[in-house]
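Computed from the coordinates by the stated procedures, all read-outs in this text should not be read as laboratory data. From a predicted model like this one, the values you see are computed outputs, not experimental measurements. Here Cβ is always computed from backbone atoms with ideal geometry, including for glycine, and neighbour counts include all displayed protein chains.
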């Protein structure tokens, strides 16, 4: 969001508000923290700094003195209890995010993405029953789509352990609204990209891997190429988190957050355009990824738009240009990022 | 099944086969063990004898010297590894079965019904990759039905922590078939009743609670009364488990097991008929149950019938009569059952 644009009047509630962000050193969590600091929020970041999570202290560059950061694993119930007592907003983004990793270490994924989430909700009931929670869910839980674009009525059929765990965690969040009255919303994110995303390798998000390759002048691989994906620029995703937190009509709902739909090949071409050059190669899907690949995906986010007035503001060309500019200026901080 | 009826020729594979039943001291597990002993199976029963689980050594009366029983919690990974190595069939019935209990102790429910199930599948991959697994799932995962009868295409919307955990465990079983080739099937059971069910209190199944009341000459309460439910006699459920284990076409599928549909009021009347007297009172649903009640439910089990030829053989009148006869003869063993 441009600094010149007036802030949404609904966001005045964040001024002075006690806000917790789990996974707040990561890509989306830290971008959310930056925005909340701008809104005058009293921000506590919890992050376990897990390898591969994208946690990166540099993500807080420029706001580090205006937030509190605690190294804290959401699996640590006592610590969570201490940190959540009396808070007003919880942006719950802590996760193990690798799909392939969840197939290799399924119980680790379950403990972080499912068990700790249930424990967190119990903690909120006990020490912060009035807290407004926004949980970062994922379009991955739908599995291979039966129709496009996918709306929230689409069956939930997770293709991997990570998706099963995230789907269960999402269900817990909605159940705790229905039965215990917690003000909890789940946002089903699609491919979010932008400055501060993880680019060290392809473990988490292919876009980051591509961004790094073009900046370093290397060819990148596009697996398949004809699959549709939609892309959400991180500032638009952050706006969605804030709106979900302040819109009472979102409580108890799981809502899609979409973006701009295109084939991976088209996205790769746009990236080369934004970079003013570069090259990519179309490759067959690797076998171990194909097992859990979901094919084409585009998201129908009409419900969230109508409930909140949200709409993405940053088109793909601008989003890629801003991402490239950020990583060109800050590459050493992200090349070997966690 | 009557002793005079010839056994299904598909069940000859159980003669001498190494079979594990988790939750094998419970109602369905023990009835399955009795049947498998009759088929010549080499049966190992694992049970943690949790309070409220229905585990009851008397369930093995008459076959106790022909099975091996180990007190073993499925959360104990080392023990499970030892017990599963080299086995051919796994009937996986161990569970925390109380819906209300899952709302009071959600993490306990998750550890037993979800985390331990994932660990069990990992163990099977490691020490018994050829094993055929039948997992006891539940119609509870559908939540409040959108239409009746409910087929397997119905959305999965669990109404409580127990349902979310069971749904995740079921998904793990099917995923491990799809990705790792385990021969795993999930049966979504509805209300199973019959001899050896838990009747100590209403914690697990209302039918057991009613059976006990009429035998003891007490009035029982029917909550609501107009809700449809279908009832499966336990011998029919056991037949379904055996068929699922030997039918390769069931692998990787979650399949409904239904029964005879009727209102709770009608079921109560049939119970009084079978008993030759008694009384019940229609009552409002208690508030804490209403939160997680699912309304009317009937199951469409056409898919399982067509895949296996299964059909229920014991009608409700005969099933209730056999249940009453059993509990009249054995009441002291069940009055204070776990």
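Things worth noting here:
- When A:20, A:104, A:246, A:156 are sorted by how many other C-beta atoms sit within 10 angstrom of their C-beta, beginning with the fewest, the order is A:104, A:246, A:156, A:20.
- With its label point defined 7 Å out from Cα along the Cα-to-Cβ axis, residue B:58 lies at 7.1 nm from the matching points of the other copies, in increasing order.
- Note on chain B: along the principal axes its Cα atoms extend 53, 41, 37 Å, ordered by decreasing extent.
- Each other copy holds its own label point for residue B:313; taking that point as 7 Å from Cα along Cα to Cβ, the gaps run 7.0 nm, nearest first.
- The angle separating the long axis of helix A:234-246 from the principal Cα axis of greatest extent in chain A is about 20 degrees.
- Ordering of B:189-202, B:161-174 by packing is B:161-174, B:189-202, highest average first (other Cβ atoms within 10 Å, averaged per residue).
- Residues B:264, B:272, ranked from the fewest to the most other C-beta atoms within 10 Å, line up as B:272, B:264.
- Peptide B:149-157 shows a mean partner chain C-beta count of 2 within 10 Å per residue C-beta.
- The rotation axis taking chain A to chain B passes closest to the C-beta of one chain A residue; that residue and the distance in whole Å read A:168, 2.
- Average beta-carbon neighbours from other chains, 10 Å sphere, peptide A:117-124: 2
- To the nearest ten degrees, helix B:116-127 and the longest principal axis of the Cα atoms of chain B are 30 degrees apart.
- Percent RCO, i.e. relative contact order, over the stretch B:16-335, from Cα pairs under 8 Å lying at least 6 residues apart: 18 percent
- Against chain B, whose longest principal axis is taken from its Cα atoms, helix B:27-38 shows a tilt of about 60°.
- Shielding score for A:158-167, defined as the mean number of other chain Cβ atoms within 10 Å: 4
- What separates the residue B:130 label point from its copies, with the point 7 Å along Cα to Cβ, is 6.4 nm, written shortest first.
- Gyration tensor verdict on the stretch B:110-152 (Cα atoms; rounded if a/c is under 1.5, prolate if a/b is larger than b/c, oblate otherwise): oblate
- The calculated 222 nm mean residue ellipticity attributable to helices in the protein assembly as shown amounts to -11000 deg cm²/dmol, summing -39500 (n - 2.57) over DSSP H runs of n ≥ 4 and dividing by all residues.
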